[in-house]
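Participant: One structure, as structure tokens, below. Some questions next.
No value in this document is a laboratory result; all are computed from the given coordinates. Computed from a predicted model, the values in this text were never measured in an experiment. Cβ coordinates were reconstructed from backbone atoms using ideal geometry, including for glycine residues, and neighbour counts include every protein chain displayed.
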Amino acid sequence: MQPWTAGPPPRLEIAEGAERVRAFDSAAGRLVEVGPTSGTARMYVCGITPYDATHIGHANTYVAFDLLNRIWHDAGLEVDYVQNVTDVDDPLIERAAATGVDWAELAIEQVELFREDMAALNVLPPRNFVGAVESIPLILDLVEDLRHRGVVYAVEDDHPGDLYLEQAADPEFGSLSHLTPEEALPVFAERGGDPGRVAKKGPLDSLLWLRHRAGDPSWPSAYGDGRPGWHVECAAIALEHLGADFDVQAGGSDLVFPHHEMSASVGRLATGSAFARAYLHSGMVGLDGEKMSKSRGNLVFVSALRRSGVDPMAIRLALLSQHYRDDWEWTSQVLSTAEGRLARWRQAVALRAAVGAGDVLAHLRSALATDLDAPTALAAVDAWASASMATDGTDTTAPTLVARAVDALLGVAL
Ligand code: ZN
């Protein structure tokens, strides 16, 4: 698939002795250094299932990990960033059926909307933006590798021939989410899993290949016509485009289990190596006291905000005003605060002369290198903007310098 277009970010003066970027690894349960000291950083962020694009929860995730992309770029690294699009899966097919549209057309339309939203939010595009459908040959190759390793079986029940991964073959299963089997089962059931399917060897075994059902799209394979499971999809795309043991696997915190746990398990069983070195997760965004979700019908869409005249940079600043790992509430107040901040920053960088930019750049770099702490970064720019507007500064280079730093590191074009 074609990614969207944004960037590249302006190059800033080289940071001497730049801090290594540290971020919270859900598997380790603490901050760890992420990315190499030189060369290429490899990141995979799980993409959308294209039927509710792009709500604020999605935008929150992609803007969060865009900060990591930017701070890595700033440290002189190349970033190999891969994002998938789950353009065939149950929720997409169900939504298409419920609304009487063709599932493939719904996917195309929603992916296009997502691309527009990401470009408007100035999210740096992935190097590889990869759909599940176009990856079916890769996925089938991975299933075959797993089969050769003796960890795949077909169920025999009313729908015989569906292929599953034998989770018991992976002694490290659970090392990301740290859930006990008793804790894992209800979460698996709630998030698209099928722990109750009695023909499976283990209740947490994950689906690799779903044999064709009436009315479902399907593709031919050596195991019969069907379509791929979600976890093996991401594992196949990541391994193909990044290789095993890549730097960061990221997504919303609702992906920790089962999706990231199971993708990592597929990767380990297929390659014998670690899947990713660190697993980063963004918090959930709620609305009016409730989790934002399609079932509650309380989604706020980036495209609707844009259509109503909201500046996408204000949306981005609203997202950045919260720490990416926190769960928080989207309110009109969060947005109006961001609009006020954007206006102040624009006024300050439009001054002919301002107070010296001093340590603004160093503060931005240090905040982002410490678990992508955007609120602290915003405070540093706020302080400079307030001081510049309150006093007659004499530094004529400061406004441009701050504008470039804010653009490069925070992705906010002033
Ligand atoms: Zn994924």
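Participant: Let me see the P(r) profile for segment 272-347: every Cα-Cα distance counted, bins of 10 Å, each bin given as a percent of all pairs.
Facilitator: Taking every Cα pair in segment 272-347, the percentages come to 16, 41, 26, 12, 4, 0.
Participant: Moving on. How large is the helix-only mean residue ellipticity at 222 nm for the chain, computed as the sum of -39500 (n - 2.57) over DSSP H runs with n ≥ 4, divided by its residue count, in deg cm²/dmol to the nearest 500? Can you show the working numbers first?
Facilitator: Values: 13 runs with 162 residues, N = 414.
-12500 deg cm²/dmol, from helical runs alone.
Participant: Using a 7 Å offset from Cα along Cα-Cβ at residue 219, what residues in segment 152-188 end up with backbone N under 18 Å from the label point?
Facilitator: 162-164
Participant: Extension gain residue 253-residue 327, at 0.36 nm per residue separation less the Cα-Cα distance, in nm?
Facilitator: Numbers: separation 74, 0.36 × 74 = 26.64 nm, distance 0.94 nm.
Result: 25.7 nm gained on full extension.
Participant: If you find the alpha carbon centre of segment 173-207 and of segment 232-254, how far apart are they in angstrom?
Facilitator: Comparing the Cα centres of segment 173-207 and segment 232-254, I get a distance of 20 Å.
Participant: Kindly state, to the nearest 0.05, the FRET efficiency for residue 40 paired with residue 175, given R0 = 35 Å and r defined as their beta-carbon distance. Display every interim value, and only then the final one.
Facilitator: Numbers: r = 26 Å, r/R0 = 0.73.
Calculated value: 0.85.
Participant: Here's a follow-up. Compare the Cα positions of 400, 122, 372 along the charge dipole of the chain (+1 at Cβ of Lys, Arg; -1 at Cβ of Asp, Glu; about the Cα centre) and return the one farthest towards the positive end.
Facilitator: Ranked along the dipole, the leading option is 400.
Participant: Considering Cα pairs under 8 angstrom that are at least six residues apart, work out the relative contact order of segment 22-287 and quote it in whole percent. Kindly include the intermediate steps, with their values, before the conclusion.
Facilitator: Numbers: 462 pairs, mean separation 64.1, N = 266.
Answer for segment 22-287 is 24 percent.
Participant: Another question, then. With θ set to phi - 60°, apply the Karplus curve 6.51 cos²θ - 1.76 cosθ + 1.60 along segment 75-85 and write out the HN-Hα couplings as whole Hz, x wherever there is a Gly or Pro.
Facilitator: Residue by residue, segment 75-85 yields 7, x, 8, 7, 10, 9, 10, 10, 9, 9, 10 Hz.
Participant: What share of all Cα pairs of the chain, in percent, falls into each consecutive 20 Å distance bin?
Facilitator: 26, 55, 17, 2
Participant: Another question, then. Tell me, how many Å apart are the Cα centres for segment 392-414 and for segment 102-148?
Facilitator: Using only Cα atoms to place each centre, the spacing works out to 36 Å.
Participant: Put +1 on the Cβ of each Lys and Arg and -1 on the Cβ of each Asp and Glu in the chain; which of 38, 331, 358 then has its Cα farthest toward the positive end of the dipole?
Facilitator: Working it through, the farthest residue towards the positive pole turns out to be 358.
Participant: Also: What is the set of long-range amide H partners of residue 205 at a cut-off below 5 Å, with H atoms built 1.01 Å from backbone N?
Facilitator: The list, which skips near neighbours in sequence, is 167.
Participant: Mean-square fluctuation check for the chain, GNM, Cα pairs under 10 Å: which of 320, 239, 179 is largest?
Facilitator: The residue that fluctuates most here is 179.
Participant: Take the chain, connect every pair of alpha-carbon atoms lying under 10 Å apart with a spring to form a Gaussian network, then pick out the residue of 265, 321, 221 with the largest mean-square fluctuation.
Facilitator: 221
Participant: Still on this structure, I have one more. Name the residues whose placed amide hydrogens come within less than 5 Å of the amide hydrogen of residue 41, ignoring near sequence neighbours (fewer than 5 apart) on the same chain.
Facilitator: Amide H neighbours of residue 41, under 5 Å, 5+ apart: 78, 79, 80.
Participant: In terms of the Cα gyration tensor, with a ≥ b ≥ c the square roots of its eigenvalues, is segment 250-403 rounded because a/c is under 1.5, prolate because a/b exceeds b/c, or oblate? Please list the in-between numbers first.
Facilitator: Details: a/c = 3.23, a/b = 1.61, b/c = 2.01.
Oblate, because a/c is 1.5 or more while a/b does not exceed b/c.
Participant: Taking only the Cα atoms of segment 134-177, how large is their convex hull per residue, in Å³? Write down the numbers at each step before the final one.
Facilitator: Details: hull volume 5.4 nm³, N = 44.
Normalising the Cα hull of segment 134-177 by residue number yields 122 Å³.
Participant: Return the equivalent ellipsoid semi-axes of segment 234-309 as a descending list in whole Å, where each equals the square root of 5 times an eigenvalue of the C-alpha gyration tensor. Don't jump to the answer; show the numbers that get you there.
Facilitator: Numbers: eigenvalues 212, 40, 21 Å².
Over the Cα atoms of segment 234-309, the semi-axes work out to 33, 14, 10 Å.
Participant: Let me ask you something else. With +1 assigned to the C-beta of every Lys and Arg and -1 to the C-beta of every Asp and Glu, and no other charges, what is the dipole magnitude of segment 19-155 about the Cα centre in debye, to the nearest 20?
Facilitator: On the way: 10 positive and 22 negative charges, 134 e Å.
So the dipole magnitude of segment 19-155 works out to roughly 640 debye.
Participant: Separate question: So if I take the centroid of the Cα atoms in segment 1-26 and the same for segment 278-348, what is the distance between those two points in Å?
Facilitator: If we compute the Cα centre of each part, the gap is 22 Å.
Participant: To continue, here is another question. With a point put 7 Å past each Cα toward its Cβ, work out how far residue 189 is from residue 168 in nm, to one decimal.
Facilitator: Here the answer is 2.1 nm between the modelled labels.
Participant: What angle do you read, to the nearest 10 degrees and between 0 and 90, between the alpha-carbon axis of helix 332-349 and the longest principal axis of the chain?
Facilitator: Relative to the chain, helix 332-349 is tipped by roughly 50 degrees.
Participant: For segment 226-241, what does the Karplus curve 6.51 cos²θ - 1.76 cosθ + 1.60, with θ = phi - 60°, yield as ³J(HN,Hα) per residue in whole Hz, taken in order and with x for Gly and Pro?
Facilitator: Residue by residue, segment 226-241 yields x, 9, x, x, 6, 5, 5, 4, 5, 4, 5, 5, 5, 5, 5, 9 Hz.
Participant: For labels at residue 119 and residue 344 in the simple 7 Å Cα→Cβ model, what's the distance in nm?
Facilitator: 3.3
Participant: Something else about it: Once you've got the GNM for the chain with C-alpha springs shorter than 10 Å, pick whichever of 361, 372, 287 has the biggest mean-square fluctuation.
Facilitator: With Cα springs under 10 Å in the chain, the top fluctuation among 361, 372, 287 is at 287.
Participant: Go through 133, 96, 84 and say which Cα lies farthest out towards the positive end of the charge dipole of segment 22-287; charges sit on Cβ, +1 for Lys and Arg, -1 for Asp and Glu.
Facilitator: Checked the options; the winner is 84.
Participant: List the residues whose amide H sits under 5 Å from the amide H of residue 291, counting only those 5 or more places along or on another chain, with H placed 1.01 Å from N in the peptide plane.
Facilitator: It is none; the list stays empty.
Participant: Follow-up. Kirkwood hydrodynamic radius (Cα pairs, Å) of segment 30-180?
Facilitator: 18.3
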